[in-house]
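Participant: First the structure, then my questions, so here it is.
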Amino acid sequence: MRTVLVLMDTLKRNMISVYHPSTFVKTPNMTAFSKEATVFDQHWIGSAPCMPARRDILCGRLNFLERSWGPVEPFDITLPSILKEHDIFTHITTDHCHYFRTGGEGYIQQFRTWDYHRGQEGDPWVSCIDDPSNMPKDYYGRVRKQYQWNRTKWPKEEDYPSPRTFASACEWLENNQHHDDFFLMVEAFDPHEPFDVPQSYMDLYEDTHMDREYFEIPEYAKVNVPDEAKDYIQKRYAALLSMSDAWFGKLIQKLKDLNMFDDTLIIMTTDHGYFLGEHDYFGKNIMHLYNELAHLPLMVHFPKGKLAGEHVCKLTQNIDIMPTVLDYYGFDIPDTVKGSSWKKIVEEPDTYEKCYALYGYHGMALNITDGEYTLFKAPNAKNQPCYEYTCMPTTIRKYLGKGVEKDIQMGRYLKRTDYPVYKIPVISPSIIDNVKGGLSEVKDDKLFNIKTDYDQQLNLYQDGEEKTEKMKKMMIKALDDMDAPKEQLERVNLKSEG
């Protein structure tokens, strides 16, 4: 049994022609793959953003209910660790720099071997005290000096980090083509910002004249640039997505050339979406998890081409990847796993039961969908009570609990483990603790009928009282199903009937 998991960061569903045929973005290789794979139409985010989403994938349960961005916990039962116990060789090749920063500990080490391709975003790679000479004088958004130094190291397309990641995967497959039991994770940071590509990909799209010379990284904020600049940044993303598609195509072709495609489980998805002007936002993190962030692409080539070319409308999330892979290898699924195996969809579709997808950022709004409606349940005015539960109090580029050290408790608060964990009070959610306005963008409860209002423009929360109550009850049940800390109910003004 062979598995290839392809995870691209920040892959926008609404800019892929498989899901949005009228898009201007060119992704021919994803389109070709969709005809030989199964397209999932109701695939939803779990924990956001990057590292919480990866813990979801590796552990088969939702990270965001207990803690924010952070490491693999010592009590976590992970997919690679189980595969290793059964002598399945595991390998990851990636250019995702967050694995090597504070708050990203323990993920890479789950695998038997790993490759890391340096230079993305703020990766502290090229070491030079002087400022880079390629810094723009005037620009929109943000510019990172470190990235400007890093980008001097890839004069050609194949030198860019994500192309190197895909090329590394192809080489690994070539070297291991005669083996039947392995799990290969191919994780490309693109099309995450900065939206940096060779000019040949920008040439695929009609360029626009800019009155400033540089725009690759938007601020996570309300749109604060002219329409011309917004159009330009959308095209920069489109160009990067086209490059990602091209290298994804090379990987699929390599599998075919090595006669490995037909009987390999191939999963292609992402961690989250991104705003490029929709709802008047750029970026992620600060706002409600509208469909542009939460509704994800997922395409799966099942062994022997089962369900090839078909669309599946059953609810799925990335917490399902772990049980699906284990199921195909014939291994027991741990009791800690909250996801559902997609093997049931292929072989016994009537036995696949998932009536909701629960998702969110830690300490912000709670969100749920049944595939027809989405409910965003906002925090109360003080966003309290709110805690992080962890053995390892690191988060993105910093440590948890600064300023509230005397209020930190320790105990056995998680029923799935005997490990004592820190219970750390949260004053401001970790992912936005440096953002002006704090929780102002998620202060309102919202309900949308995404069958009739996919763009989520008409808030039905007050008008649709019967449906609102039904969705709230579903959320209460989901929180219980997922072993959420009980204070989550109070934090978002919900009351259990139990």
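Participant: Sort through 472, 467 and tell me the only one that's out of contact with any Phe, Trp or Tyr (no Cβ under 8 Å at 6 or more places or on another chain) and not assigned by TED's automatic domain parsing to the domain that holds residue 293.
Facilitator: Values: 467 fails: out of contact with any Phe, Trp or Tyr (no Cβ under 8 Å at 6 or more places or on another chain).
Of the residues listed, the single one that is out of contact with any Phe, Trp or Tyr (no Cβ under 8 Å at 6 or more places or on another chain) and not assigned by TED's automatic domain parsing to the domain that holds residue 293 is 472.
Participant: Please enumerate the residues belonging to region 68-94 that are under 30 Å from residue 425 (Cα atoms) and of a type in the set (S, T, N, Q).
Facilitator: Hits for region 68-94 are 68, 78.
Participant: Mind listing just one residue for me: the one in region 429-446 that is of a type in the set (A, V, I, L, M) and in a loop (DSSP other than H, G, I, E, B) and, of those, farthest from residue 459 (Cα to Cα)?
Facilitator: 435
Participant: Is it the case, given these coordinates, that residue 91 is touching a Gly at 6+ places or on another chain (Cβ under 9 Å) and either surrounded by 17 or more Cβ atoms within 10 Å (Cβ to Cβ) or outside the structural domain of residue 76 (by TED's automatic domain parsing) (or both)?
Facilitator: Values: touching a Gly at 6+ places or on another chain (Cβ under 9 Å): no; either surrounded by 17 or more Cβ atoms within 10 Å (Cβ to Cβ) or outside the structural domain of residue 76 (by TED's automatic domain parsing) (or both): yes.
Considered against the rule, which asks whether it is touching a Gly at 6+ places or on another chain (Cβ under 9 Å) and either surrounded by 17 or more Cβ atoms within 10 Å (Cβ to Cβ) or outside the structural domain of residue 76 (by TED's automatic domain parsing) (or both), residue 91 comes out as no.
Participant: Only one of 4, 72 is farther than 23 Å from residue 305 by Cα, of a type in the set (A, V, I, L, M) and either modelled with pLDDT of 95 or more or in a loop (DSSP other than H, G, I, E, B) (or both); which?
Facilitator: On the way: 4 fails: farther than 23 Å from residue 305 by Cα.
Just a single option satisfies the conditions, and that option is 72.
Participant: Same structure again: State all residues of region 177-202 that are of a type outside the set (A, V, I, L, M), touching a residue at least 12 places away in the same chain (Cβ under 8 Å) and within 26 Å of residue 81 (Cβ to Cβ); if no residue qualifies, say none.
Facilitator: 177, 179, 180, 181, 182, 183, 187, 189
Participant: Among the candidates 439, 447, which residue alone is surrounded by 15 or more Cβ atoms within 10 Å (Cβ to Cβ) and under 24 Å from residue 313 (Cβ atoms)?
Facilitator: Criteria check complete, one pass: 447.
Participant: So which residues in region 151-175 are surrounded by fewer than 17 Cβ atoms within 10 Å (Cβ to Cβ) and either among the hydroxyl-bearing types (Ser, Thr, Tyr) or touching a residue at least 40 places away in the same chain (Cβ under 8 Å) (or both), if there are any at all?
Facilitator: Those that are surrounded by fewer than 17 Cβ atoms within 10 Å (Cβ to Cβ) and either among the hydroxyl-bearing types (Ser, Thr, Tyr) or touching a residue at least 40 places away in the same chain (Cβ under 8 Å) (or both): 152, 156, 157, 174.
Participant: Taking region 281-329 on its own, how many of its residues are under 18 Å from the mean Cα position of the chain (by Cα) and part of a loop (DSSP other than H, G, I, E, B)?
Facilitator: 9
Participant: Could you identify the single residue in 429, 425 that is surrounded by 15 or more Cβ atoms within 10 Å (Cβ to Cβ), touching a residue at least 24 places away in the same chain (Cβ under 8 Å) and touching an Asp or Glu at 6+ places or on another chain (Cβ under 6 Å)?
Facilitator: Working: 429 fails: touching an Asp or Glu at 6+ places or on another chain (Cβ under 6 Å).
From the options 429, 425, the qualifying one is 425.
Participant: So, one more: Could you grab the pairs with beta carbons closer than 6 Å, sequence gap of 6+ or different chains, first residue in region 72-86 and assigned by TED's automatic domain parsing to the domain that holds residue 185, second one hydroxyl-bearing (Ser, Thr, Tyr) and part of a loop (DSSP other than H, G, I, E, B)?
Facilitator: Within 6 Å, the pairs are 72/107; 75/417; 75/419; 77/336.
Participant: Whether any residue in region 477-487 is surrounded by fewer than 17 Cβ atoms within 10 Å (Cβ to Cβ) and more than 23 Å from residue 67 (Cα to Cα) is what I want to check.
Facilitator: no
Participant: While we're here: Look at residue 90 and say whether it is in contact with a Pro (Cβ under 6 Å, 6 or more places away or on another chain), over 24 Å from residue 396 (Cα atoms) and among the hydroxyl-bearing types (Ser, Thr, Tyr).
Facilitator: Judged against the criteria, residue 90 is a match.
The values are calculated or read from the model by the stated rules, or taken from the named source; none is laboratory data. Here the structure is a predicted model, which means the values were calculated and not measured. Note that we place each Cβ from the backbone using ideal geometry, even for glycine, and neighbour counts take in every protein chain shown.
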